[in-house]
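Notes follow once the structure below has been shown.
Bear in mind these aren't lab numbers, they're just calculated from the coordinates by the rules spelled out. Here the structure is a predicted model, which is why all the values come from computation and not from measurement. Don't worry about glycine lacking a Cβ; one is built from the backbone with ideal geometry, like all the others, and counts go over all protein chains shown.
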Amino acid sequence: TQLLEQSPQFLSIQEGENLTVYCNSSSVFSSLQWYRQEPGEGPVLLVTVVTGGEVKKLKRLTFQFGDARKDSSLHITAAQPGDTGLYLCGGGSNYKLTFGKGTLLTVNP
Amino acid sequence: DSGVTQTPKHLITATGQRVTLRCSPRSGDLSVYWYQQSLDQGLQFLIQYYNGEERAKGNILERFSAQQFPDLHSELNLSSLELGDSALYFCASSPPTGGSSYTGELFFGEGSRLTVL
């Protein structure tokens, strides 16, 4: 069974702060995706990374895929209240997308 | 709006009962995925169908079954319900990826919240 562990589980910060959340596994994935989920809604894709060592930027969000394709990080610069939500990483392999339990981020104004 | 439709949005039933959750994927998407989300287990993959055929199976209980119909909509059947089956059930669809095992973007519905009393 492929497991993805996300840390921290909960994070509460003030507007304007920077933060990094992590997604780690002992398994190799063909791709890794980050989703954000808001209350009452389904997860929405933020980014997909495929190549080991790949870095992608989406405005204030920076995503990195580990060289061995087993781990990933999400860095948010100058967090805003609109960034509040559950951040999920999902590892893709053999037609399945396996998710971690997520990091619940709260950005206080 | 992701384009994926799930019904019902909320469902309350008793232990031992059977329910059916329905999902209509986005137009053009051939793959349908079912996930169960609970506070303690997170988002758990149950099963995936591609163009009517089962393609991948996750931690789906024997009391649960699913199918994808020729019009590509899918149903998840949950039977002999237990208190622990209370959860959010999500359906997601994804566009064709040319037969590769790579998983493309998943578009999730808003979920069906099941409460078993």
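What to note about this one:
- Looking across A:31, A:26, one residue alone is buried (at least 19 other Cβ atoms within 10 Å of the Cβ) and among the small types (Gly, Ala, Ser). It is A:31.
- Strands (runs of 3 or more DSSP E) within segment B:28-70 that include 1 or more residues over 11 Å from the mean Cα position of the chain (by Cα), among the small types (Gly, Ala, Ser) and over 11 Å from residue A:95 (Cβ atoms): B:31-38, B:42-50
- Restricting attention to segment A:26-45, the residues being among the hydroxyl-bearing types (Ser, Thr, Tyr) and in a strand (DSSP E or B) number 2.
- Output for segment A:1-37, where each listed residue is of a type in the set (Val, Ile, Thr) and more than 18 Å from residue A:58 (Cβ to Cβ): A:1, A:13, A:28
- Residue ID - farthest from the other protein chains (Cβ to nearest Cβ), chosen from residues in segment A:79-94 that are small (Gly, Ala, Ser) and assigned to a strand (DSSP E or B): A:85
- Residue A:76 being surrounded by 19 or more Cβ atoms within 10 Å (Cβ to Cβ) and more than 10 Å from chain B (Cβ to nearest Cβ): yes
- When residues in segment A:46-76 are screened for being in a loop (DSSP other than H, G, I, E, B) and touching a helix residue (DSSP H, G or I) at 6+ places or on another chain (Cβ under 9 Å), 1 of them pass.
- Qualifying positions in segment B:67-84 - surrounded by fewer than 13 Cβ atoms within 10 Å (Cβ to Cβ), in contact (Cβ under 8 Å) with a residue 40 or more places away in the chain and of a type in the set (Asp, Glu): B:82
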